[in-house]
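Inspection log for the structure reproduced underneath, given as structure tokens.
The values are calculated or read from the model by the stated rules, or taken from the named source; none is laboratory data. Bear in mind the structure is a predicted one, so any value in this text is a computation, not a measurement. Note that we place each Cβ from the backbone using ideal geometry, even for glycine, and neighbour counts take in every protein chain shown.
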Amino acid sequence: MTLTRRSILCGAALLGVLAGCGFRHNEAKADSGEPPKGSFEVSHSDSEWRRILTSAQYDVLRKAGTERPFTSPLNDEHRTGIFSCAGCALDLFSSSTKFNSGTGWPSFWQPLANAVIERPDNSFFMSRTEVLCRRCGGHLGHVFNDGPKPTGLRYCMNGVALTFRTT
């Protein structure tokens, strides 16, 4: 195969798209790659979090990682129920606000009241808004302004950061 300027540019563009979509698993970090410092209702040492969480949950919730798209069973969860934080069990989202965004991650148009906090995330040369659990500070995902009515928001969450129970 002959390398041309066009093939190099197309390859570079493809790599940029893949990185932005979360295919580079551990590199989608928030500014600090850590939950915000401070006082949370649920708090553990790093070694305690490692013992409590699976390695995938630890990477996402405590290190602001991103799971690969289309890998979470919760993406296809359509029963009536509640999605909670996998780190502290705080109820975060109702199934009534879940929608299929086509992105490969569970998406919601609104969190439950007093469930999440948001902070700026300027990693990957992008300006986004990170979503964290209000009770333990665990990284859940990001919120975007391209969701459905009535809010127009898309809370794009890592399924590994959530648990689900029927109601």
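A compact table of results
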read-out	value
Scan of the range 99-109 for residues that are surrounded by fewer than 21 Cβ atoms within 10 Å (Cβ to Cβ) and on the phi < 0 side of the Ramachandran plot, ordered by number	PHE99, ASN100, SER101, THR103, TRP109
Residues (under 9 Å from the mean Cα position of the chain (by Cα) and of a type in the set (S, T, N, Q)) located in the range 125-159	ASN158
Failed item, numbered, when ARG68 is tested on (1) over 23 Å from THR166 (Cα atoms); (2) part of a helix (DSSP H, G or I); (3) modelled with pLDDT of 95 or more	(2)
Residue satisfying condition, being at pLDDT below 90 and touching a strand residue (DSSP E or B) at 6+ places or on another chain (Cβ under 6 Å), within set ALA19, ALA86, ALA30, ALA12	ALA30
Selection status of LEU92, modelled with pLDDT of 95 or more, farther than 21 Å from GLN57 by Cα, out of contact with any helix residue (DSSP H, G or I) (no Cβ under 8 Å at 6 or more places or on another chain) and surrounded by 16 or more Cβ atoms within 10 Å (Cβ to Cβ)	no
Qualifying position, being touching a residue at least 60 places away in the same chain (Cβ under 8 Å), among the basic types (Lys, Arg) and either under 15 Å from CYS133 (Cα atoms) or part of a helix (DSSP H, G or I) (or both), among ARG79, ARG62, ARG50	ARG62
Listing of strands (runs of 3 or more DSSP E) fully contained in the range 84-167 that carry 1 or more residues being of a type in the set (Phe, Trp, Tyr)	91-94, 139-144, 154-157, 162-166
